[in-house]
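Engineer: The structure follows.
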Amino acid sequence: MIARFVLTSIGADRPGLVDQVTRFILERGGNLEDSRMVNLQGQFAMVMLIAGDEAAAGRLEADLGELERAAGIRAELTVAAAAGRPAAAAAAIPYRLNTTAMDHPGLAQSVAHVLGGLGVNIESADTTLKPAPMTGAPLFAMELVVSVPATTRVSELRERLAEVCDDLNIDWQLTAL
């Protein structure tokens, strides 16, 4: 029986790190199915969905410390939830939400709070902090892919986003995918 596991790891970025981690998975009988990887100012974070039989899972778990020592990373293996999406998720409509604002604490949380309150699920999030073009002041940009339930009125979502974004001086755009 095929099982799925999530391998999360983080360590100092360097060439060859992805090769080393994916080779570790392959050599123990795992198959990489899905992943997200990013360099966060010198720290490389990886989240990987791995499929394999119970024996492969056992080898991955048993040798995790070896991977950590050899690759210089921290790693954790977690059993993934059963495959498939709930009926509500299947009836959701995908949107992209882009935001930009002068950086200050609470921007991401404020937007996430509005989305969660309306039952909107964040499928992926990318955030960056970079200098503003003219002033060099820190500018926070966030791109979210969200799933809006069919039962949620998009007009209400837009109204709630407008309220919080106006209060926090966030430029935003919500577009259907």
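Engineer: Per residue, how much accessible surface does the stretch 12-100 expose to a 1.4 Å probe? Answer in Å², no decimals.
Structural biologist: Roughly 59 Å² per residue, with all protein chains present.
Engineer: Compute the angle between helix 107-117 and the longest alpha-carbon principal axis of the chain, please, reported from 0 to 90 degrees and rounded to the nearest 10.
Structural biologist: 90
Engineer: Still on this model: So what's the gap between the Cα centers of the stretch 32-61 and the stretch 103-148, to the nearest angstrom?
Structural biologist: Going from one Cα centre to the other spans 25 Å.
Engineer: Would you check the accessible area of residue 122, probe 1.4 Å, heavy atoms only, in square angstrom rounded to 10?
Structural biologist: 70
Engineer: Given a 1.4 Å probe, how much area per residue of the stretch 129-177 is accessible, in Å²?
Structural biologist: 61
Engineer: Still on this structure: Which percent of the accessible heavy-atom area of the chain goes to carbon and sulfur, probe 1.4 angstrom?
Structural biologist: Roughly 55 percent of what the probe reaches on the chain is carbon or sulfur.
Engineer: Rounded to the nearest 500, what is the 222 nm mean residue ellipticity of the chain from helices alone, with -39500 (n - 2.57) per DSSP H run of 4+ residues and division by all residues?
Structural biologist: For the chain, the value works out to -9500 deg cm²/dmol.
Engineer: Report, to the nearest 10°, how far helix 154-168 tilts away from the longest principal axis of the Cα atoms in the chain, using its own Cα long axis and a range of 0 to 90°.
Structural biologist: It works out to around 80 degrees.
Engineer: Then there is this: For the chain, take the longest principal axis of its alpha carbons; what is the angle in degrees between that and the long axis of helix 17-27, to the nearest 10 within 0 to 90?
Structural biologist: 50
Engineer: Hey, another quick one. Apply the Kirkwood formula to the chain: the hydrodynamic radius equals the inverse of the mean of 1/r over all pairs of different alpha-carbon atoms; give it in Å with one decimal.
Structural biologist: Its Kirkwood hydrodynamic radius stands at 18.7 Å.
Engineer: Over the stretch 1-100, what per residue volume does the convex hull of the Cα atoms give, in whole Å³?
Structural biologist: Cα convex hull per residue, to the nearest whole number: 117 Å³.
Engineer: Right, next: So, R0 is 41 Å and r is the distance between the beta-carbons of residue 169 and residue 6; what FRET efficiency does that work out to, to 0.05?
Structural biologist: Calculated value: 0.65.
Engineer: Kindly write out, for the stretch 30-46 in residue order, the coupling ³J(HN,Hα) from the Karplus curve 6.51 cos²θ - 1.76 cosθ + 1.60 (θ = phi - 60°), rounded to whole Hz, with x marking Gly and Pro.
Structural biologist: Listing the rounded values in order: x, 10, 6, 9, 7, 7, 9, 9, 7, 8, 10, 6, x, 9, 9, 10, 10 Hz.
The values are calculated or read from the model by the stated rules, or taken from the named source; none is laboratory data. Model, not experiment: these values are computed from the prediction. Methodologically, a virtual Cβ is constructed for each residue, glycine included, from the backbone with ideal geometry; neighbour enumeration extends over all protein chains shown. Protein only, heavy atoms only, side chains kept; ligands, DNA and RNA dropped before computing areas. Shrake-Rupley method; radii C 1.70, N 1.55, O 1.52, S 1.80 Å.
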